[in-house]
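Contents: one structure, followed by commentary.
The values are calculated or read from the model by the stated rules, or taken from the named source; none is laboratory data. These numbers were taken from a predicted model, which means no experiment stands behind them. Cβ atoms come from the backbone with ideal geometry, glycine included; neighbour counts cover every protein chain shown. Heads up: the accessible areas ignore ligands, DNA and RNA and are worked out on the full protein's heavy atoms, side chains in. Shrake-Rupley method; radii C 1.70, N 1.55, O 1.52, S 1.80 Å.
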Amino acid sequence: MRIVTWNVNSLNARLPRVIDWLETMTPDVLCIQETKLAEDAFPAEEFAKLGYESVHHGQGQWNGVAILSKVGIEDPLSGFADGGGPDDDARIIWATCGGIRIASSYIPNGREVGHEHYKYKLAWLGRLQAHLEKNHTPADDVVVVGDFNVAPEDKDIWDSKAFTGATHVSTPEREAFEHILQWGLSDVFRNRYPDESGLYTFWEYMAGRFHKREGMRIDFILATQPLTSQCELILMDRNARKGEKPSDHAPLLADFKR
DNA sequence: ATGGTGGCCTTGCCA
């Protein structure tokens with residue numbers, strides 16, 4: 001089973017590239033973030049032509065997450081089932097695809113350390129943790145993917161000095177991320193390449209970051225142990241960040257023996 | 001060097 005996560009930064013702007021990419025890479029499941037589409041503006045028919053069922057949790061203009069699957073979509077759930085109230089933003093959608101519980105998630109950016117949005121980011125990561133604790137066990141087949149807007153270690157960014165005092169690298173963010181892993185998820189890329197640096201999933205459009213190889217590894221495929229041990233391939237498709245109208249994120253792809 | 005680029009419901013805000 002091939003599972004991919006990709007922050008497309010507007011599905012409307014990216015649809016031709018996403019369709020081309022799907023035809024070439026043929027994932028079983030594609031999790032999309034930042035559709036920036038209203039709930040009913042999702043181009044489900046375009047994906048159905050390629051053999052994908054889909055579910056979308058959208059709000060228009062900002063955020064929006066989706067799951068496309070060739071192996072079925074059961075029990076879709078938008079947001080959290082953690083006993084809390086609804087999230088104002090469309091940032092996570094769950095579905096069971098081929099027997100695996102999968103979440104496509106877009107963690108809040110945080111804007112600035114200490115900002116209201118930063119507090120929302122930490123609270124949001126806490127809700128993800130609570131949802132996992134309430135609904136699953138680490139022995140289940142669970143895969144949480146998406147744009148976490150957190151770089152877990154300094155080797156996940158191009159220059160630690162450039163991030164002094166910035167979001168994405170602060171201790172509370174890294175601890176909240178680590179706490180989620182401690183529940184029972186592995187960062188599948190890091191598990192396979194413990195020491196690798198310089199491989200990223202995101203490069204700012206500004207200042208020629210991509211061409212200068214100044215990126216960040218902030219998109220993840222997190223999996224419970226039964227799946228992590230069955231990972232055969234994990235890579236970021238840097239080529240998808242090149243050329244005409246790319247997203248600022250590259251797809252992250254994993255193959256599992258399923 | 002506090003810039004730069006790209007997306008949106010665009011003349012400001014978000015990333």
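Some observations on this one:
- Scanning the range A:217-258 for residues that are within 16 Å of DNA strand B (Cβ to nearest atom) and loosely packed, with under 15 Cβ neighbours inside 10 Å yields A:LYS242, A:GLY243, A:GLU244, A:LYS245.
- Filtered residues of the range A:183-216 (kept if of a type outside the set (A, V, I, L, M, F, W, C) and open to solvent by less than 60 Å² (accessible area, probe 1.4 Å)): A:GLY184, A:SER186, A:ASP187, A:ARG190, A:GLY198, A:TYR200, A:THR201, A:GLY208, A:ARG209, A:GLU214, A:GLY215
- Unique match (being under 27 Å from A:ARG127 (Cβ atoms), within 16 Å of DNA strand B (Cβ to nearest atom), free of Cβ contacts under 8 Å to residues at least 60 places away in the same chain and not in a helix (DSSP H, G or I)) among A:ASN63, A:ASN9: A:ASN63
- Residues in the range A:64-77 that are surrounded by 14 or more Cβ atoms within 10 Å (Cβ to Cβ) and in contact with a strand residue (DSSP E or B) (Cβ under 6 Å, 6 or more places away or on another chain): A:VAL65, A:ALA66, A:ILE67, A:LEU68, A:SER69, A:VAL71, A:ILE73, A:PRO76, A:LEU77.
- Scanning the range A:29-60 for residues that are open to solvent by 20 Å² or more (accessible area, probe 1.4 Å) and away from DNA strand B (no atom under 16 Å from the Cβ) yields a count of 9.
- The range A:12-21, residues that are in contact (Cβ under 8 Å) with a residue 40 or more places away in the chain and either open to solvent by less than 10 Å² (accessible area, probe 1.4 Å) or near DNA strand B (Cβ under 10 Å from one of its atoms) (or both): A:ALA13, A:ARG14, A:ARG17
- Filter pass, A:TRP124 being under 15 Å from the mean Cα position of the chain (by Cα) and assigned to a helix (DSSP H, G or I): yes
- If you check A:PHE202, A:PHE177 for being touching a Pro at 6+ places or on another chain (Cβ under 7 Å) and either without any contact (Cβ under 8 Å) to a residue 60 or more places away in the chain or within 11 Å of DNA strand B (Cβ to nearest atom) (or both), only one passes: A:PHE177.
- Some residue of the range A:182-197 being of a type outside the set (D, E, K, R), over 18 Å from the mean Cα position of the chain (by Cα) and within 16 Å of DNA strand B (Cβ to nearest atom): no
- If you filter the range A:116-158 down to residues that are free of Cβ contacts under 8 Å to residues at least 12 places away in the same chain and not acidic (Asp, Glu), you find that the one that is most open to solvent (accessible area, probe 1.4 Å) is A:LYS119.
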